[in-house]
Amino acid sequence: MRIFICAGEPSGDIHGANLVRQLRRLDPTVQCVGFGGDNMEAAGCRLLYPLVRLAVMWFVRVLANAPIFLHLLSRADRYFRQQRPDAVVLIDYPGFNWWLARRAHFHGIPVFYFVPPQLWGWAGWRIEKMRRWVDHVLCSLPFEEKWYRDRGVQAQYVGHPFFDELPRQQLDGEFLYTQKDRGQTIVAILPGSRTQEIGHNLASQIRAARLVHQERPGTRFLVACFRPAHQQMVDAYLRRHPGLPIETHVGRTPEIVELATASITVSGSVALELLYRRKPSVIVYRIGKLDLRVAKYFMTTKFICLVNLLADKELFPEFLTDHCPAEAMARPLVNWLADPAAHTAVLAELNALRASVAEPGACARTARIILGTLREKLRVVA
């Protein structure tokens, strides 16, 4: 059995890798091929292109990379036509994945959407694409299954694959000990996994950190960088704006989150890690004025942060904005650091939410559904 998998984001690469492992655990003869990143390749997926290295979003960046996407779409279409995989599995990354779904459907190949795009939040009119081109939606959030089923899409809730990865994380004990031994209260700064996210949000995060430090001088800051190039960007900014007790580290996100009392975070799936480790956080996503207008025009939910969506309330103060909200971001952080009762109250709510949604096993359930569906199809054909 041959399964084509496409992931275009760093988080999708992790989920894809875990899915590949579960597929091969259930059936060692399964061959996985597709577009993804280093994690998927290490898990045994043969990459036709390292799509995760692009990791682009928003309109200008997507347009600038249009020739690459068109080339990859043509390459995938040729693969579908010549190799006839048994299934195509799409992981998040709407836009490009819609086109892959369309081509796979054209060739009569079953399409599974794992971690589907949040159409209920910003693009409900695209449900027609899901109905037409996707055979099975494997939902990561509890309320999604009903939303899709009510609109005529075959959907099943499997859980969020982020909670598969978190229990597997092995924290660096020496790093934790060294940081704890230095004392002071640690606030994590998570600037995102994409270069443009850092460019848009870092200044606001650092300004908020300065305001927090003015109120709470016993606080220091750790920046979790996704890759060395991002660390260089952050270090260059800090050299131009010195005076803050702050360090940058690459590949230490789990440790930094674990050490932190609270965090200043760019909106993204890392919010689920903050939920898992029960860290009160302020969420920021600063974008251009045009992007903000378009985003708010299409948004149909109250929140952008996954934790707030799951809680159906603003547990993490969030700021989707085109300007610097540093002062507003700093206020809840100072409150959590200065008032133990306020911090404890947030922890209690995070504990309750984690107990209700943070169940591992999404990739294993997804693998069983995919293989079971394909085997049933083969049995019916036979």
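A few notes on this one:
- Any hit, the range 116-131, residues being buried (at least 21 other Cβ atoms within 10 Å of the Cβ), at pLDDT 95 or above and out of contact with any Cys (no Cβ under 7 Å at 6 or more places or on another chain): no
- For the criterion of being hydroxyl-bearing (Ser, Thr, Tyr) and modelled with pLDDT of 95 or more, Tyr93 fails.
- Taken together, the criteria exclude Ala358 from residues that are under 30 Å from Gln156 (Cβ atoms), touching a residue at least 40 places away in the same chain (Cβ under 8 Å) and either in contact with a Lys or Arg (Cβ under 9 Å, 6 or more places away or on another chain) or open to solvent by 80 Å² or more (accessible area, probe 1.4 Å) (or both).
- Number of positions in the range 268-299 that are among the polar types (S, T, N, Q) and more than 19 Å from Glu327 (Cβ to Cβ): 1
Every residue, every condition in (1) touching a Leu at 6+ places or on another chain (Cβ under 7 Å); (2) assigned to a helix (DSSP H, G or I); (3) modelled with pLDDT under 95, yes or no:
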| position | (1), (2), (3) |
| --- | --- |
| Leu333 | no, yes, no |
| Trp336 | no, yes, no |
| His343 | no, yes, no |
| Leu347 | no, yes, no |
| Ala352 | no, yes, no |
| Ala355 | no, yes, yes |
| Ala364 | no, yes, no |
| Ile369 | yes, yes, no |
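- Which listed residue is over 15 Å from the mean Cα position of the chain (by Cα), outside any loop (DSSP other than H, G, I, E, B) and more than 16 Å from Pro191 (Cα to Cα), from Leu275, Leu292: Leu292
- Residues that are more than 24 Å from Arg293 (Cβ to Cβ), under 23 Å from the mean Cα position of the chain (by Cα) and surrounded by fewer than 18 Cβ atoms within 10 Å (Cβ to Cβ) within the range 309-352 comprise Asp312, Lys313, Leu347, Glu349, Asn351, Ala352, listed in sequence order.
- Residue match in the range 96-109 (condition: free of Cβ contacts under 8 Å to residues at least 40 places away in the same chain, open to solvent by 60 Å² or more (accessible area, probe 1.4 Å) and part of a loop (DSSP other than H, G, I, E, B)): no
- If you filter the range 132-183 down to residues that are of a type in the set (S, T, N, Q) and open to solvent by less than 60 Å² (accessible area, probe 1.4 Å), you find that the one that is modelled with the highest pLDDT is Gln179.
- Residue within the range 280-288 that is buried (at least 22 other Cβ atoms within 10 Å of the Cβ) and in a helix (DSSP H, G or I) present: no
- Search result, residues across the range 218-264 that are in a loop (DSSP other than H, G, I, E, B), within 20 Å of Val284 (Cβ to Cβ) and of a type outside the set (A, V, I, L, M): Phe226, His241, Thr261
- Evaluating Glu255 against the criteria (1) surrounded by fewer than 20 Cβ atoms within 10 Å (Cβ to Cβ); (2) within 22 Å of Leu347 (Cβ to Cβ) leaves one unmet condition, (1).
- Looking across the range 76-95 at every residue that is among the basic types (Lys, Arg) and more than 25 Å from Asn18 (Cα to Cα), the one that is least open to solvent (accessible area, probe 1.4 Å) is identified as Arg78.
The values are calculated or read from the model by the stated rules, or taken from the named source; none is laboratory data. Remember, predicted model here, so these are calculated numbers, not experimental data. Reconstructed Cβ throughout: ideal geometry from the backbone, glycine too, with neighbour counts over all protein chains shown. For the accessible areas, the whole protein counts, side chains as well, though only heavy atoms, and no ligand, DNA or RNA atoms are used. Shrake-Rupley method; radii C 1.70, N 1.55, O 1.52, S 1.80 Å.
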